[in-house]
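Have a look at the structure below, then the notes.
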Amino acid sequence: MKILLGADQYPEYINGAATFTRRLATGLAAAGHTVDLLWPAADGAHRTHLDQGVRVHRLSSVTLPGRPRMQVCTPRVVDRQVEQVLQVARPDVVHVQSHLLLGRALVRAGRRAGVPVVATNHFMPENIVPHVPVVRRFPRLASRLAWRDLEQVYAGAQLLTAPTGRAVDLLARATRLAPAEAISCGVDLDRFGAAAAEPDAADATRRGPLALFVGRLEPEKNLDQLLAAFARVPTALGARLEVVGMGSRRGQLEEQARALDLRGRVTFTGAVDDDELVAACGRADVFVMPGTAELQSLATLEAMAAGLPVVAAEAMALPHLVQDGRNGHLVPPGDVDVLARQLTRLLGDPPLRTRMGRASRAVAEGHALAATVALFDERYTQLVEDRRPVPAAAGPDLALVP
């Protein structure tokens, strides 16, 4: 089968959607499919190359104003380049991971070609609105318009998916789209399981337990609350916090850590590659996720696959992964006192960490990446076999909402 994947999220700007798209593409290629993958170019330059059996098309892009590390495609150029790729790839099915400029161009092109379209939603307005100066002053209106825009684009798909049941429910509440199917992003159990079996040797002589956060350093991750909570963890525990990831808030967070006198207790590692991420999980004792806009949280799932107990906000899809009292603790969003208390409890109790870490691994085993790839393979096959032509004139207008 010939499969064309596309996402506005790209690997250099590290996020769960881009990571999932890359792993799905390589998994499908390893299964014998011909896979093309479209991403914005991190440096803006249009080019094509092969990566692990996947033909990767990096489309022309520009830097988003005010966001020097974020590249976006432009409307007319992306339409032309997507059409060119479609003519070369001649896919049997198209699968988009976003409804933004590249995603909507790919949905349009797929519909024109009569190719079945699958659309996966990784979007929440909370992940976009705070970063757009004009609209963040009116978050409720901006959120409604954003959901309406997604609805218009994804109405052109024959199959909708989202990573969790809670993400499916959110899509149903926010839009009038057909019901979506919950399909986990999945995790490489063997790769992250090795972190549990072989902890980071370089960290073997460290003193005190280590808490780990992995993710973008952006407002919706609530890292200011994590730092405030960690400052209340008793110093007698000798505990440390490692923050892995990049984002616009790093400077502010480093300043906050200094103001809280966390020097020597908090490390900002920055962006890491896959091997370094596994190593980070291997040297950690507890994973913490205070974010409140998680449709699954691939970083949390990876930490669980590495056998780590989790302290997470009781928000959105995190309770889908974290079962309070079994493989970690859920805390009320924004409650720094409770977050500090639960971190202190786990960091100070090695037997409890071991028991909860085993439970985390057991939950993660229900999210094997191989099963995710196989399920999407099955859904693609069904769509191709049931191929229903999509008239070019049918469906709603896919123009941007003014």
Fewest-first ordering of 13, 154, 380 by Cβ atoms within 10 Å yields 13, 380, 154
Can you pull the percent of Cα pairs in the chain with separation above 32 Å?
-> 34
When the chain is treated as a Gaussian network with springs between alpha carbons less than 10 Å apart, the largest mean-square fluctuation among 115, 62, 82 is found at 62
Mind pulling the per residue volume of the convex hull built on the Cα atoms of region 189-366? Å³ is fine.
-> 101
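Could you give the size of the charge dipole of region 189-366 about its Cα centre, using +1 on the Cβ of each K and R and -1 on the Cβ of each D and E, expressed in debye and rounded to the nearest 20?
580
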Who wins for biggest fluctuation among 291, 357, 348 in a Gaussian network model of the chain, springs between alpha carbons below 10 Å?
-> 348
How big, on average over all directions, is the shadow cast by the Cα convex hull of region 14-55, in nm²?
-> 3.0
Working from the alpha-carbon coordinates of region 278-367, get Rg over Rh, Rh being the Kirkwood radius.
-> 0.93
Helix-only [θ] at 222 nm, the chain, -39500 (n - 2.57) per DSSP H run of 4+, per residue, nearest 500, equals -12500 deg cm²/dmol
Assertion target for 235, 164, ordered by fewest C-beta neighbours within 10 angstrom first, is 235, 164
Membrane-span-like helices (DSSP H runs, Cα span along own axis at least 20 Å, mean Kyte-Doolittle at least -0.5) in the chain -> 16-30, 75-89, 369-385
Between the modelled labels at residue 255 and residue 190 (7 Å from Cα along Cα→Cβ) the distance in nm is 4.7
Pulled fully out, how much extra length does the chain show between residue 83 and residue 382, if you take 0.36 nm times their separation in residues and subtract their Cα-Cα distance?
-> 105.2 nm
Alpha-carbon centroid distance for the pair region 331-387 / region 297-315, whole angstrom = 5
Pick from 128, 14, 183: which is most flexible by mean-square fluctuation in a GNM of the chain where alpha carbon atoms under 10 Å apart are linked?
-> 128
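Here, each number is a calculation from the coordinates, and none is a lab measurement. The shown structure was predicted, so the numbers you read here are calculated from the model rather than taken from an experiment. Please note: Cβ atoms are built from the backbone with ideal geometry, for glycine as well, and neighbour counts cover all protein chains shown.
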